[in-house]
Structure formats: C-alpha cells, structure tokens
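The values are calculated or read from the model by the stated rules, or taken from the named source; none is laboratory data. None of the values given here were measured: they were computed from a predicted structure. All Cβ positions, even for glycine, are placed from backbone atoms using ideal geometry, and neighbour counts span all protein chains on display. Heavy atoms of the whole protein, side chains included, go into the accessibility calculation; ligands, DNA and RNA do not. Shrake-Rupley method; radii C 1.70, N 1.55, O 1.52, S 1.80 Å.
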Amino acid sequence: MRRFLILLPFLVMSCTSPQPDPEPGVRSRTFGTLPDGREATIYQIESPTGMVMEVTNYGGIITRLTAPNRDGIYEDVVLGYDNFGAYLEETPYFGAIIGRYGNRIADGEFELDGETYSLAKNNGENHLHGGIQGFDKVLWEAEPFSVENEHGLILRYESPDGEEGYPGNLSVTVTYTLTADNRVIFSYQATTDKATPVNLTQHSYFNLAGPSSESILDHELMLAADHFTPVDEGLIPTGEIRPVEGTPFDFTEPTPIGARIDQDDEQIVNGLGYDHNWVLSGLSSDMRLAARVHEPTSGRIMEVMTEEPGIQFYSGNFLDGTLTGKYGAVYEHRSGFCLETQHFPDSPNQPAFPSTILRPGETYQTRTVYAFSTDADS
Ligand code: GLA
C-alpha cells in the first residue's frame, strides 16, 4: 500500500501531462466514401525506426511511404494522391494491388482445360491488370496487426466466379508488413474452387529523390536478369526469351535509367521506353535479389527481393503531366518508375512460360520485399 501511495503522484502526473508521441503501430482514419456508400479507410503504419506507410483498403493502395535519405531525412518516395476522390476519378494504378492477373493477356482470351474464357478488354484489344474493375478498384477487408517490432495490415478479398471473366471463386489475402529495418514485405496468398490464372503484384510508383515532378532518368538501376521477354507493339510478349547482353535492356551492372532509353531500338520503341518483363536469374522460386535502385542526390537505395520468376520494369512512359498528385506535384513524363514482381505477361497463352494456373486444393503463395537503405550505410 505504501508503495502505491509513493507512486500515486507519478501516475497522476503521467495522466495529465501532454500526450507523448504515439507509439509505433497502426492507426486508422476515414479516407472517403465510395459511390455505393461504403467507406474507405486509411491505415497509418509506423515503424519504430521512423518509416511511415499509409495504405487504404480501397485497392490496397499505398498512398504514402517515407524513407530516409543519407542525412536521415524521411520523405515520401511514392507517387499518388492526397484525396480519395482523385483515386476514384483517374489513376494509372498508383500504389495498388494488381489482380487477378498482373500485366496483359492477349486479346483478353485464354484456353484452360478445353474451355475458352473471355476477359474484359481494357487495353485496346488486350486485357490489362485484371480488367475494368481489377483488385486495384475494390474495397478490401482490412485487419491491422502488430507483432513485436513489426506492424502491418492484412487485406482480404473474395473475388467471385466470373469476375472480369475469370473462372472460380478466388479467396485472396495480401499482407503488408513494415519492419524495423526499413523493409516492406508483401505476402500474397490465394485459393480457388475452379482452375484460374493468378498473378498478383503491387503497382507502387517510386521517385527516390522525394516528392517532386523530377524525372527518374538519373536513378541508377541494377536488374539481376540476363534475359527479358520482347514484346510486340501491343506490349504482348512474342514468346521469345532474349539475352539482354549488348542491348539497352542490360542492367546487370548499375546504369542510369535514362542512359539508353531513347535509343533507336525496336523494343524501346514498342515499349515507348522501358515497359518489359525481365526474366530473373535461374527461374528459381527462392527469395533472391531482383533489383537495386540508387538515387544519387538523396543517396536513397531501394532493393527488391522476390520469389517470383519475373519483374516488370516500367519507366513511367504514360505519365504526361496531366495528373497532379500529392504536394501539388505534376506527374511529368517518366517522373516515377515501377518494379512489379510477377509471372510473365500473357502466360496463359504461352505454354513455354512458367504456369500461372492455380487449381482447387492448391495455395498460391508468394512474397516480395522492398528494402530501403542509403549509400551512407555501406
Ligand atoms: C504496367 C504496364 C504499363 C502500363 C502501366 C500503367 O506497368 O505494363 O504498360 O499499363 O502498368 O500505366
């Protein structure tokens, strides 16, 4: 009892003193209302070391992600909007989960077990990123979690049989984890009651210089890939797996993104720059380094590790200054880049590519990590 009386003044003081900084963890707030009246929430996930990631359960979109520069200054390194309405109006997949099939399926058609399936055509004659209302435009169920120093969000979505033309009810879980050592871990899981293609990815656009309209052409990129999949004018793979050696697609040594982006090369012309799938070394399903990006002015480094066989490097070629994002930044041509880990585009029509078909009784399971550091750390 005596001990309690001695402690009492301290207890009273700590209740009445101003609120200390909130503990690292997950907090939420309303982001906006969908046309059907449902509410979208933003979850703010904070790591003990200072990184902040904001995610909305609409499309699983990462709306903000801060990372330190070489002087320890945290800045937002992803493109996006600060208001919900802008995401509803027009977005080139800023920060979103992509599914049921990331990237293109030729003519929006594929054959599976003797049946032909027709998908929504939302990219000329082709199907792109899951269709008209892909996983980037649906409301996910969200559950925040904290385990020791790691905080994150579990997102769940039940994709009904026939959605955008795909067969089978697909149960999807995507987990985002922010770790104390400045990593964002993406863990994807899915099961189905009918065979279906599945190829999930994350479509964050990065500018490691911080929030600006500056181009990403001075960022130095390394891709751990000796081959890539050339495409036709519609960005559909021709089926060939071509060596990168001697081409503008050779990023095996760190090279500025802009160094060869305007070369007179058939593949650069077809992609309007870089918008291709690189074949990661060994086609292994082990977690391994796929890409490293270094931004020379801030010193920021982002590494991508994945269990996927491929990575789409997209150099923001369709950004053209018509979209204005957070902080009033006008998203000019090539002011953001994406590194989308994935199975190869159009795999359901390419028997020689690794299969993307998930069958009942199987579990689709894959992980990707974005790890942030600076050139002062090494
Ligand atoms: C992917 C595609 C690109 C483009 C962007 C979004 O990266 O490969 O061609 O559609 O998404 O604009």
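What's the total number of residues in segment 310-331 that are more than 12 Å from the ligand (Cβ to nearest atom), in a loop (DSSP other than H, G, I, E, B) and over 20 Å from the mean Cα position of the chain (by Cα)?
Total meeting the criteria: 3.
Test of understanding: among Gly273, Gly246, which residue is outside any strand (DSSP E or B) and within 16 Å of the ligand (Cβ to nearest atom)?
Working: Gly246 fails: within 16 Å of the ligand (Cβ to nearest atom).
Exactly one residue qualifies, and that residue is Gly273.
Regarding Tyr364, is this residue open to solvent by 10 Å² or more (accessible area, probe 1.4 Å), more than 15 Å from the ligand (Cβ to nearest atom) and either under 19 Å from the mean Cα position of the chain (by Cα) or over 23 Å from Asp136 (Cα atoms) (or both)?
Numbers: open to solvent by 10 Å² or more (accessible area, probe 1.4 Å): yes; more than 15 Å from the ligand (Cβ to nearest atom): yes; either under 19 Å from the mean Cα position of the chain (by Cα) or over 23 Å from Asp136 (Cα atoms) (or both): yes.
So Tyr364 fits the description; yes.
Do we find that Gly239 is in contact (Cβ under 8 Å) with a residue 12 or more places away in the chain, surrounded by fewer than 15 Cβ atoms within 10 Å (Cβ to Cβ) and in a loop (DSSP other than H, G, I, E, B) in this structure? Show your work before the answer.
On the way: in contact (Cβ under 8 Å) with a residue 12 or more places away in the chain: yes; surrounded by fewer than 15 Cβ atoms within 10 Å (Cβ to Cβ): yes; in a loop (DSSP other than H, G, I, E, B): yes.
When the stated conditions are applied, Gly239 passes them.
Has segment 334-342 got at least one residue that is open to solvent by 10 Å² or more (accessible area, probe 1.4 Å) and either in a strand (DSSP E or B) or touching an Asp or Glu at 6+ places or on another chain (Cβ under 9 Å) (or both)?
As a first pass, look at segment 334-342 and keep what is open to solvent by 10 Å² or more (accessible area, probe 1.4 Å): 334.
When the remaining residues are screened for being either in a strand (DSSP E or B) or touching an Asp or Glu at 6+ places or on another chain (Cβ under 9 Å) (or both), the result is none.
Within segment 334-342, not a single residue is open to solvent by 10 Å² or more (accessible area, probe 1.4 Å) and either in a strand (DSSP E or B) or touching an Asp or Glu at 6+ places or on another chain (Cβ under 9 Å) (or both).
For segment 48-62, give me the residue count where each residue is open to solvent by less than 10 Å² (accessible area, probe 1.4 Å), touching a residue at least 60 places away in the same chain (Cβ under 8 Å) and assigned to a strand (DSSP E or B).
3
Could you check, for segment 64-75, whether at least one of its residues is part of a loop (DSSP other than H, G, I, E, B) and open to solvent by less than 10 Å² (accessible area, probe 1.4 Å)? Even if it seems obvious, please write down each step before you answer.
Kept after step one, since they are part of a loop (DSSP other than H, G, I, E, B), are these residues of segment 64-75: 69-73.
Pick out the ones that are also open to solvent by less than 10 Å² (accessible area, probe 1.4 Å) and you get none.
Taking every residue of segment 64-75 in turn, none turns out to be part of a loop (DSSP other than H, G, I, E, B) and open to solvent by less than 10 Å² (accessible area, probe 1.4 Å).
Among the residues that make up segment 170-184, is at least one of them of a type in the set (Gly, Ala, Ser), within 16 Å of the chain's Cα centre (by Cα) and away from the ligand (no atom under 16 Å from the Cβ)? Even if it seems obvious, please write down each step before you answer.
Looking only at segment 170-184, we keep the residues that are of a type in the set (Gly, Ala, Ser), and these are 171, 180.
The next check asks that each one be within 16 Å of the chain's Cα centre (by Cα); those that pass are none.
No, because not a single residue in segment 170-184 is of a type in the set (Gly, Ala, Ser), within 16 Å of the chain's Cα centre (by Cα) and away from the ligand (no atom under 16 Å from the Cβ).
Would you pick out the residues in segment 93-133 that are within 13 Å of the ligand (Cβ to nearest atom), open to solvent by less than 20 Å² (accessible area, probe 1.4 Å), on the phi > 0 side of the Ramachandran plot and in contact (Cβ under 8 Å) with a residue 40 or more places away in the chain?
The answer is Gly95, Asn103, His129.
Taking Gly239 as the residue in question, decide whether it is away from the ligand (no atom under 16 Å from the Cβ) and under 22 Å from Asp107 (Cβ atoms).
Details: away from the ligand (no atom under 16 Å from the Cβ): yes; under 22 Å from Asp107 (Cβ atoms): yes.
It is true that Gly239 is away from the ligand (no atom under 16 Å from the Cβ) and under 22 Å from Asp107 (Cβ atoms).
State whether one or more residues within segment 141-156 are open to solvent by less than 30 Å² (accessible area, probe 1.4 Å) and aromatic (Phe, Trp, Tyr).
No: zero hits.
So, in segment 356-376, exactly how many residues are in contact (Cβ under 8 Å) with a residue 12 or more places away in the chain and assigned to a loop (DSSP other than H, G, I, E, B)? Give the derivation first.
From segment 356-376, those in contact (Cβ under 8 Å) with a residue 12 or more places away in the chain are 356-360, 362-376; that's our starting set.
Checking which are assigned to a loop (DSSP other than H, G, I, E, B) leaves us with 356, 359-360, 362-363, 375-376.
Of the residues in that region, 7 qualify.
Kindly indicate whether Ser187 is among the polar types (S, T, N, Q), touching a strand residue (DSSP E or B) at 6+ places or on another chain (Cβ under 6 Å), open to solvent by 30 Å² or more (accessible area, probe 1.4 Å) and at pLDDT 95 or above. It would help to see each step written out before you state the result.
Values: among the polar types (S, T, N, Q): yes; touching a strand residue (DSSP E or B) at 6+ places or on another chain (Cβ under 6 Å): yes; open to solvent by 30 Å² or more (accessible area, probe 1.4 Å): yes; at pLDDT 95 or above: yes.
Taking the combined requirement at face value, the residue satisfies it.
Which of the residues belonging to segment 245-291 are closer than 25 Å to Arg367 by Cβ, buried (at least 16 other Cβ atoms within 10 Å of the Cβ) and among the β-branched types (Val, Ile, Thr)?
Val279, the sole residue that qualifies.
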